[in-house]
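Would you mind keeping the following structure in view while I ask a few things?
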Amino acid sequence: MDLKPGAGGQRVNRLVDPISYHFLQFLWRTLHLLVSLWYLQVSMVQMIEGFLISSGLVKRYGALDIDKVRYLAIVVDSEEAYQISKVIQLLKWVEDMGVKHLCLYDSKGVLKTNKKTIMESLNNAMPFEEAVEKDVLLDQKQMTVEFASSSDGKEAITRAANVLFMKYLKYAKTGVGKEEPCFTEDQMDEALKAIGYKGPEPDLLLIYGPVRCHLGFSPWRLRYTEMVHMGPLRYMNLGSLKKAIHRFTTVQQNYGT
Amino acid sequence: MELYNGERPSVFRLLGKYMRKGLYSILTQGPIPTHIAFILDGNRRFAKKHKLPEGGGHKAGFLALLNVLTYCYELGVKYATIYAFSIDNFRRKPHEVQYVMDLMLEKIEGMIMEESIINAYDICVRFVGNLKLLSEPVKTAADKIMRATANNSKFVLLLAVCYTSTDEIVHAVEESSKDKLKSNEICNDGNGDCVIKIEEMEPYSEIKLVELERNTYINPYPDVLIRTSGETRLSNYLLWQTTNCILYSPHALWPEIGLRHVVWSVINFQRHYSYLEKHKEYLK
C-alpha cells in the first residue's frame, strides 16, 4: 500500500496556512496507520482461523458440497502470478477438493505464459480447449483448466462485435429489410463461441491480490458470479480456501426477481 | 446540502454537518474517488426485518439514498451511479414492479418540482439504460428532468434504470455498428433506401475497443462500487466498467447504509489508489 496525498490536500494551501495543512496531513496519515493496524489484526485472525480449518479442528468446514461449484475462477494479481510454485500449490488444493472446471486469470497473461509448467505439475488435469475439442467437458474424471488474460475479456468482446457487424453487412447486402443493426445477447453468445470463447460463467471467483477487484476478467462472464477476495497470494492457505467455498455453497441468489 | 427540505436545520443537524466537514477536511488530504457506484440491495429484507407495510423498505431506502448522495456531494465525489432498476427486476411480481415504477415517477416528479434547488446545487441528473422499456409517464418525466439539468456539472447523478451490463454491451455494439455505417456513408439509391453492395463491405474498418467504450451508457468508470447486504456479486451491473474498481460489500442492508460506509470505502480507495492507477496505465 502506498499512500499518496491527493489534490484535495491542496485546498488547505500550505503557503497560506502551513500549520493547518501539516496538522491535517498528520491526522490523515494517523487515520491510515490505524486502518493498517486494524487490517493487520484482521489478517492475523484470518491466518489463525485458516490454520485451524486446515488442521480439521473446525468441523463445520469438514465436508464441502463441491458439486455446487460447477465452474471456479481464480484471479491472481499479475505481479504475484510470478510465484508459480504458489499457484501450483493452490491448484493442487483445488484439484484435491474435487473442483472439475477451473479458469485461471491474470491480466498480463503471466499464467498463460507458464501454462505448460502448471499443467505438468497437476496430477489429473486437462487444458480446457482440449476438453472442448474432445467433447469431454462433462467427463468428471479430470479437472479442466482454462487460462485467460485481459485479451480474453473486452478485446474478445470487440472481436465478437466485428463478427456480428460482418454478419449484419452480409444480411444488409441482400437488400431484404432495411433495418439498422439490432443484435441480441444470444447472438453475442454465439459470436463469442464462434471465435473460440466457449468458457462458461464461473459460479465463484476467488481474487488473490491486494485489492478486491476483478482486474478485467471477461465482463460477459461475470453476471451472477460471487466474488471473494482472498488476500495476497503469498498469504494463501487451505483453510481460507475451504471457508470461501463453504460460504459460497450457502448463498441463495434470486437473480433479480 | 439539504435536498427536499425547506425546514430550518436543528442544532443536531448543524453539529452533524460541521463534524462531517471536519472529517472531510482530513479525508481530502488524499485522493477522493471521482465516481462511486451503488447497488441498493436489501430494501425488501429491511421491510421484513422491521415488519414494515408493503413498500416500506423502498421508502426507507430512498431516504438512505438521499443521505448517501449528500455525503458524496459534500466529499467532492463528482459522479454517483445508482442501480435503481434492473431489466431482470421486471420478472418480479407485477404489483411490486408497478410499486417501484410509481415510486420512481413520484420521486422524479418531486425532483421536477424542486428543479430550482437541484440547479442551485449544480446537479445533473441522467437516466441511463434501455429507457424504451419504461412506461410512458416515467419516460416523459425522466426526459424532462434530464433536459432541465443538462447544463449542470458539479455533481452528476446517473440513475441506471432498465439496465443490465449485457444489454449495455450489446447496445454498445449496435451503436458502434451504426457509427461505422454512418462514417462510411452507405450508397443511396435515391428513394432513401440503402443497399450495401458486396464490394463496399471491404472498406469498412473494424469496430475498435475504444469505440465500444465510447458507446457504453455509463462513463467515466467508477472507482468504487458499494453493494449492501453483504452480497458479493455484481448482478449484471457495471461488468464492463469495473475492471479497476474496488468492490465493497458491507453487511448493512441498503436502508441502514450510513456515512461510515462511504468513509470506509474512500479510505480503502486511498489505500489502493497507486495500485489501481498502475493497473489502469497497463491496460491503456
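The values are calculated or read from the model by the stated rules, or taken from the named source; none is laboratory data. This one's a predicted model, so the numbers in the text were calculated from it and none came from an experiment. Cβ placement follows ideal geometry from the backbone for every residue including glycine, while neighbour counts extend to all protein chains displayed. Calculation scope for accessible area: heavy atoms of the full protein, side chains included, ligands and nucleic acids excluded. Shrake-Rupley method; radii C 1.70, N 1.55, O 1.52, S 1.80 Å.
With a cut-off of at most 15 other beta carbons within 10 Å, and DSSP calling the residue loop, which trypsin sites (Lys or Arg not before Pro) in segment B:123-177 qualify? Please list them.
Within segment B:123-177, the qualifying trypsin sites (Lys or Arg not before Pro) (loop, at most 15 other Cβ atoms within 10 Å) are B:Lys154.
Give me the aspartates and glutamates in straight-line cross-link reach of B:Lys93: C-alpha distance below 18 Å, same-chain residues under 8 apart excluded.
Excluding near neighbours in sequence, the set is B:Asp41, B:Glu54, B:Asp102.
Let me know the charge dipole size of segment B:32-138 about its Cα centre in debye, to the nearest 20, where only the beta-carbon of Lys, Arg (+1) and Asp, Glu (-1) is charged.
620 debye
Another question, then. With the crude spin-label approximation of a point 7 Å out along Cα→Cβ, what separation in nm comes out for A:Glu120 versus B:Arg45?
The modelled label-to-label distance comes out at 4.8 nm.
Could you give the longest part of chain A that holds none of the trypsin sites (Lys or Arg not before Pro) found in DSSP loops with at most 16 neighbouring Cβ atoms within 10 Å?
A:71-133
Just how large is the dipole of the protein assembly as shown about the Cα centre, in debye to the nearest 20, putting +1 at every Lys and Arg Cβ and -1 at every Asp and Glu Cβ?
It comes to approximately 1900 debye.
Additional query: Considering amide H positions built from the backbone, and no H for Pro or chain starts, which residues 5 or more places from A:Met126, or on another chain, come under 5 Å of its amide H?
Residues meeting the criterion, in which the H sits 1.01 Å from N, are A:Met143, A:Thr144, A:Val145.
Suppose R0 equals 51 Å. What FRET efficiency, 1/(1 + (r/R0)^6) with r the Cβ-Cβ distance, do B:Ser205 and A:Arg60 give to the nearest 0.05?
Approximately 0.35, to the nearest 0.05.
Considering the options B:Ser177, A:Thr174, B:Val11, tell which one lies farthest towards the positive end of the dipole of the protein assembly as shown, charges being +1 on Lys and Arg and -1 on Asp and Glu at the Cβ, about the Cα centre.
In the protein assembly as shown, that residue is B:Val11.
Okay, moving on. Which aspartates and glutamates does B:Lys208 reach when only Cα atoms under 18 Å apart count, and residues fewer than 8 places away in its own chain are ignored?
In chain and number order, the partners are A:Asp152, A:Glu155, B:Glu168, B:Glu174, B:Glu175, B:Asp179.
If you build the convex hull over the alpha carbons only and average its shadow over all orientations, what do you get for segment B:220-263? Give it in nm² to one decimal.
3.3 nm²
Looking at segment B:12-61 from every direction and averaging, what is the projected area of its Cα convex hull in nm²?
5.4 nm²
Which one, B:Phe62, B:Ala47, B:Ile26, is farthest towards the positive end of the dipole of the protein assembly as shown when Lys and Arg carry +1 and Asp and Glu -1 on their Cβ?
It is B:Ile26.
Over segment A:135-241, what is the relative contact order in percent, taking alpha-carbon pairs closer than 8 angstrom and at least six residues apart?
Worked out over segment A:135-241, it gives 28 percent.
On average, how many beta carbons from a partner chain sit within 10 Å of the beta carbon of a residue in B:91-104?
1
Using only protein heavy atoms and a 1.4 Å probe, report how much of A:Asp96 is accessible, in Å² to the nearest 10.
120 Å²
Put A:Trp220, A:Trp93, A:Trp28, A:Trp38 in order of accessible area, largest first, 1.4 Å probe: what do you get?
Result, largest first: A:Trp38, A:Trp93, A:Trp220, A:Trp28.
Could you list log10 I(q)/I(0) for the protein assembly as shown at q = 0.08 Å⁻¹, which the Debye formula gives when each Cα is one point scatterer?
-0.60
Report the charge-dipole magnitude of chain B in Debye, nearest 20, computed about the Cα centre from +1 at each Lys and Arg Cβ and -1 at each Asp and Glu Cβ.
With Lys and Arg at +1 and Asp and Glu at -1, about 1580 debye.
To the nearest whole number, what is the average tally of beta carbon atoms from other chains within 10 Å of the beta carbons of peptide A:215-223?
Going residue by residue through A:215-223 and averaging, the value is 6.
Find the percent of Cα-Cα distances in segment A:49-187 that exceed 26 Å, and round it to a whole number.
So the pairs more than 26 Å apart make up 44 percent of the total in segment A:49-187.
With an 8 Å cut-off on Cα pairs and a minimum separation of 6 or more residues, tell me the relative contact order of chain A in percent.
25 percent
Find, to one decimal place in angstroms, the Kirkwood hydrodynamic radius of chain A, where the mean of 1/r is taken over every pair of different Cα atoms and then inverted.
Mean inverse Cα-Cα distance, inverted, gives 21.4 Å.
With springs connecting C-alpha atoms under 10 Å apart, model chain A as a Gaussian network and identify which of A:Tyr197, A:Tyr105, A:Tyr39 has the largest mean-square fluctuation.
Per the Cα network of chain A with a 10 Å cutoff, A:Tyr39 tops the list.
Just tell me how shielded B:158-171 is by partners: mean number of partner chain Cβ atoms within 10 Å of each residue's Cβ, no decimals.
3
List, in the order given, every pair from A:Lys116/A:Lys141; A:Lys116/B:Lys278; B:Lys49/B:Lys78; A:Lys154/B:Lys154; A:Lys68/A:Lys198; A:Lys92/A:Lys141 whose Cα-Cα distance in the structure shown is over 22 Å.
Result: A:Lys116/B:Lys278; B:Lys49/B:Lys78; A:Lys154/B:Lys154 exceed 22 Å.
Angle, helix B:165-184 long axis vs. longest principal axis of chain B, Cα atoms, 0 to 90°, nearest 10?
40 degrees
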